[in-house]
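Let me begin by presenting the structure, written as structure tokens, before commenting on it.
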Amino acid sequence: MAETHTKILFRYYSDLLEDMVVETMWAEIIDLEKGYFKLDNIPFFGPLIATDDIFFAEYDEDEECLVYRKTIESFGNSILQVVILEKGFDKEIIREKLKAVNCLSEGLNETLFAVEVVKDVDYSVVKSILNEYVELSVIDFAEPCLSEKHRADLLKN
């Protein structure tokens, strides 16, 4: 992976944490000279970027590494954040339901995970699964990076 990918530092304000966040994520190298990369990680805290998006990064002398500067092209995937509210609830139950509809996720800890909704997935199905648990006060979720395609899915239904 190291030959085709590199770690990129992202620094941004997180609405979830209400603070500045630094997150390093893997990216596929598209054109190193131009500084073009494709995100190959699920972001946890919600910068306005999703998996497979093309972005520009450059070497930062202060950070001593490549740093994200801007998204160039959105691929159409979305990123969600899910917080477990019910003490002792096994988040894997929801992660498995989401996986069954082709949504991968990454857990940060016992109470937080981020979900990738690829562009081909009907977002209204995903939202229905999550809303079932919201109504039971088991979870809450945020949509920090919802693609135009997934916004359209909600309008259709």
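Taken over region 81-90, the criterion of being modelled with pLDDT under 95 and open to solvent by less than 20 Å² (accessible area, probe 1.4 Å) is satisfied by Gln81 alone. Taking the listed residues Ser74, Ser14, the one that is closer than 23 Å to Leu108 by Cβ and surrounded by 13 or more Cβ atoms within 10 Å (Cβ to Cβ) is Ser14, with no other qualifying. Being open to solvent by less than 30 Å² (accessible area, probe 1.4 Å) and either touching an Asp or Glu at 6+ places or on another chain (Cβ under 8 Å) or basic (Lys, Arg) (or both): is that true of Ala27 here? When the stated conditions are applied, Ala27 passes them.
In region 106-121, the residues that are more than 12 Å from Ile94 (Cβ to Cβ) and of a type in the set (Gly, Ala, Ser) form Cβ pairs under 6 Å with partners that are assigned to a strand (DSSP E or B) and open to solvent by 60 Å² or more (accessible area, probe 1.4 Å), at six or more places apart or across chains, as follows: Ala114/Glu106.
Of all residues in region 84-103, those that are under 20 Å from Val118 (Cα atoms) and in contact (Cβ under 8 Å) with a residue 12 or more places away in the chain have Cβ atoms under 7 Å from Cβ atoms of residues that are open to solvent by 50 Å² or more (accessible area, probe 1.4 Å) and outside any loop (DSSP other than H, G, I, E, B), 6 or more apart or on another chain, in Val101/Val125. Per the conditions (1) touching a Leu at 6+ places or on another chain (Cβ under 7 Å); (2) modelled with pLDDT of 95 or more, the sole criterion not satisfied by Ile54 is (1). Scan region 48-62 and give yes if some residue there is surrounded by 16 or more Cβ atoms within 10 Å (Cβ to Cβ), β-branched (Val, Ile, Thr), in contact (Cβ under 8 Å) with a residue 60 or more places away in the chain and under 30 Å from Ser124 (Cβ atoms), otherwise no. Yes, because at least one residue in region 48-62 is surrounded by 16 or more Cβ atoms within 10 Å (Cβ to Cβ), β-branched (Val, Ile, Thr), in contact (Cβ under 8 Å) with a residue 60 or more places away in the chain and under 30 Å from Ser124 (Cβ atoms). Within region 110-157, being out of contact with any helix residue (DSSP H, G or I) (no Cβ under 6 Å at 6 or more places or on another chain) and of a type in the set (Gly, Ala, Ser) holds for Ala114, Ser128, Ser137, Ala142, Ser147, Ala152. The single condition among (1) of a type outside the set (Asp, Glu); (2) closer than 22 Å to Asn131 by Cβ; (3) open to solvent by less than 10 Å² (accessible area, probe 1.4 Å) that Ser105 does not meet is (3).
Looking only at region 10-49, count every residue that is part of a loop (DSSP other than H, G, I, E, B) and more than 20 Å from Ile84 (Cβ to Cβ) and tell me the total. Show your work before the answer.
Taking region 10-49 as the starting set, the residues that turn out to be part of a loop (DSSP other than H, G, I, E, B) are 15-18, 32-35, 40-49.
Cutting the leftovers down to more than 20 Å from Ile84 (Cβ to Cβ) gives us 32-35, 40-41, 47-49.
Within region 10-49, residues that are part of a loop (DSSP other than H, G, I, E, B) and more than 20 Å from Ile84 (Cβ to Cβ) number 9.
The values are calculated or read from the model by the stated rules, or taken from the named source; none is laboratory data. These numbers were taken from a predicted model, which means no experiment stands behind them. Here Cβ is always computed from backbone atoms with ideal geometry, including for glycine, and neighbour counts include all displayed protein chains. Each accessible area value is taken on the protein alone, full model and side chains, heavy atoms only, with ligands, DNA and RNA left out. Shrake-Rupley method; radii C 1.70, N 1.55, O 1.52, S 1.80 Å.
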